[in-house]
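*Asks:* Shown below is the structure under consideration.
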Amino acid sequence: MTAIIIENATVATVDAERTLHRSGHVVVDGARITAVGAGPAPDPDSDQVPAGARRVDAEGCLVTPGFVNTHQHLYQWATRGLAVDDTLFDWLTALYPVWAGIDAEVTHAAATGALSWLARTGCTTASDHHYVFPREGGDVLAAGVGAAAEVGLRFHATRGSMDLGKSQGGLPPDDVVEDVDAILAATEQAVDRFHDPSPESMLRIAVAPCSPFTVTAELLKRSAELARARNLRMHTHLAETADEDDYCREHFGRTPTEYAHDLGWLGPDVWLAHAVHLDGAAIASLAATGTGVAHCPSSNARLGAGICRTRELREAGVPVGLGVDGAASNEAGSLLEEARHALLFARAVGGPKAMGVMDALELATMGGARLLGRDGEIGSLEPGKLADLAVWRLDTLAHADIADPLAALVLGAPPPMDLLLVHGRPVVEYDRVVTVDEAEVAAAVRRAHDTVLERAGVTS
């Protein structure tokens, strides 16, 4: 890692005061930010400027914290463009047999593709909810971990799980579910092998049973016990569709939120994906327990699931971040697009004051950092924080005449990225991923796509 000075740029710090420097600088020394401020960077002889620092003239650019993606299924990058007009339950029914054919090689290719595109669209920290573990698939969790290390993103992997097959009243086929004891043992092994709780960690593990209609109450209870015994964060899908609400009322006599609460799945160490179908009591319950929400607007719209009550959640004090969700239900896979859609959907249902452009940027940065328990380390540009940041070019044809740089980023077309730093290391430069060969990644993903479809007997 070398020291880097970024200067002459608009700097959106996303700190508590929402400080915006119309012409400012950021100084990075190793993995940490050492200075942020208005005007030119400190004099080269200053104590704030490391010797031999690389200077980046970012005139015409906007510097933001790196985005934090709090919910995705990376393996699905190999199965994009299928069941494009289905509801969630029909989409899952169509794709479970396809996903049963993934293995470590497919997962690695898919994860590398998804993570590379996340980097191209501003993401520096990614969370992967992996819950499909075919019996002959090899070490698919390690495949995702390896891909993140190669691309260079900060990674929060989850050991997901399903134990409620169709024969027991669940949605997934029996051949893609696991035994509870085997799941818990594999989760412990994943934690022992990969989890790094240190302040500068590039890799952490969370516990993540899939959803109320794919796991048993026993698995939810025991997973929560394991997570809290090991001081791990917890993640699951909840209240994504009206069908799920009907399922929980029919099978458990409760709403999804009431069911999660009864099984120990609400709390400040929990973040929930989607949370679209919440009534006032459910929002109050999340707020009272400090439970977070990963808002996935594009996927929710693609599957016709509805629009999350983001404004009401935030006003109640619920931590909210963004996720792109599975690449098979959001073919774009861009966290920048999620920030835009979060704003537009909030305004579509709540009026023009429902969400501002800075609110949307906060969801993509500090909001996600809070969900992952890392808001003291990432999510804003402040001295002492980790050097995860994005430099967006806003002086090209698409953006040059947009007066507000935050509006240019959030509401305009996706801008080119001059530089993406993760832990102080360049991952994207001049709109290309520099840690992997993009052409080779694209070819590997295409092969992975063809492989899983051939195994499932599906024609694309």
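*Asks:* Given the residues 339, 327, 346, 288, which is the only one that is more than 18 Å from residue 244 (Cα to Cα) and modelled with pLDDT under 95?
*Replies:* 327
*Asks:* So, in segment 403-441, how many residues would count as being among the aliphatic types (A, V, I, L, M), in a loop (DSSP other than H, G, I, E, B) and buried (at least 16 other Cβ atoms within 10 Å of the Cβ)?
*Replies:* The total comes to 2.
*Asks:* Tell me which residues, restricted to segment 1-48, are among the β-branched types (Val, Ile, Thr), free of Cβ contacts under 8 Å to residues at least 40 places away in the same chain and either touching a Cys at 6+ places or on another chain (Cβ under 8 Å) or part of a loop (DSSP other than H, G, I, E, B) (or both). Give the steps one after another, and end with the answer.
*Replies:* Within segment 1-48, the subset among the β-branched types (Val, Ile, Thr) is 2, 4-6, 10-11, 13-14, 19, 26-28, 33-34, 36.
Narrowing further to those that are free of Cβ contacts under 8 Å to residues at least 40 places away in the same chain: 19, 27.
The answer is 19, and nothing else.
*Asks:* For segment 341-385, enumerate the residues that are of a type in the set (Lys, Arg), under 22 Å from residue 405 (Cβ atoms) and not in a helix (DSSP H, G or I).
*Replies:* In the first step, residues of segment 341-385 are kept if they are of a type in the set (Lys, Arg); the result is 347, 353, 370, 374, 385.
Adding the requirement that they be under 22 Å from residue 405 (Cβ atoms) leaves 347, 353, 385.
353, 385, listed by residue number.
*Asks:* If you don't mind, another one. Going by the structure shown, is residue 295 touching a strand residue (DSSP E or B) at 6+ places or on another chain (Cβ under 6 Å) and in contact (Cβ under 8 Å) with a residue 40 or more places away in the chain?
*Replies:* Against the criterion (touching a strand residue (DSSP E or B) at 6+ places or on another chain (Cβ under 6 Å) and in contact (Cβ under 8 Å) with a residue 40 or more places away in the chain), residue 295 qualifies.
*Asks:* Of all residues in segment 45-62, which are out of contact with any strand residue (DSSP E or B) (no Cβ under 6 Å at 6 or more places or on another chain) and surrounded by 12 or more Cβ atoms within 10 Å (Cβ to Cβ)?
*Replies:* 49, 60, listed by residue number.
*Asks:* Identify all residues within segment 298-319 that are assigned to a loop (DSSP other than H, G, I, E, B) and either within 24 Å of residue 128 (Cα to Cα) or in contact (Cβ under 8 Å) with a residue 60 or more places away in the chain (or both); write none if there are none.
*Replies:* If the condition is that a residue be assigned to a loop (DSSP other than H, G, I, E, B) and either within 24 Å of residue 128 (Cα to Cα) or in contact (Cβ under 8 Å) with a residue 60 or more places away in the chain (or both), then 303, 304, 305, 306, 307, 308, 309, 318, 319 are the ones that fit.
*Asks:* Same structure again: Considering only segment 211-221, how many residues are out of contact with any His (no Cβ under 6 Å at 6 or more places or on another chain) and either part of a loop (DSSP other than H, G, I, E, B) or surrounded by 18 or more Cβ atoms within 10 Å (Cβ to Cβ) (or both)?
*Replies:* Selection size over segment 211-221: 7.
*Asks:* Continuing with the same structure: Give segment 191-228 a look and list any residue that's touching a Cys at 6+ places or on another chain (Cβ under 9 Å) and over 16 Å from residue 261 (Cβ atoms), or say none.
*Replies:* Within segment 191-228, just 213 meets the criteria.
*Asks:* Can I ask one more? Taking segment 124-158, which residues are in contact with a strand residue (DSSP E or B) (Cβ under 7 Å, 6 or more places away or on another chain), under 28 Å from residue 97 (Cβ atoms) and small (Gly, Ala, Ser)?
*Replies:* Correct list: 126, 127, 144, 148, 157.
*Asks:* Right, next: Would you check if there is a residue in segment 70-81 being surrounded by fewer than 24 Cβ atoms within 10 Å (Cβ to Cβ), in the same structural domain as residue 158 (by TED's automatic domain parsing), under 22 Å from the mean Cα position of the chain (by Cα) and not β-branched (Val, Ile, Thr)?
*Replies:* yes
*Asks:* When segment 225-247 is examined, which residues are found to be surrounded by 23 or more Cβ atoms within 10 Å (Cβ to Cβ) and not in a loop (DSSP other than H, G, I, E, B)?
*Replies:* The answer is 227, 234, 235, 236, 237, 238, 244.
*Asks:* Further, regarding this structure: Does residue 208 count as in contact with a helix residue (DSSP H, G or I) (Cβ under 7 Å, 6 or more places away or on another chain) and within 20 Å of residue 372 (Cβ to Cβ)?
*Replies:* No; evaluated as a whole, the condition is false for this residue.
*Asks:* Mind listing whichever residues of segment 107-146 are under 21 Å from residue 207 (Cα atoms), under 15 Å from the mean Cα position of the chain (by Cα) and among the hydrophobic types (A, V, I, L, M, F, W, C)?
*Replies:* 111, 115, 126, 145
*Asks:* So, one more: Of the residues 272, 278, 286, only one is of a type in the set (A, V, I, L, M) and either part of a helix (DSSP H, G or I) or touching a Pro at 6+ places or on another chain (Cβ under 6 Å) (or both); which?
*Replies:* 286
The values are calculated or read from the model by the stated rules, or taken from the named source; none is laboratory data. None of the values given here were measured: they were computed from a predicted structure. Backbone-built Cβ (ideal geometry, glycine too); neighbour counts: all protein chains shown.
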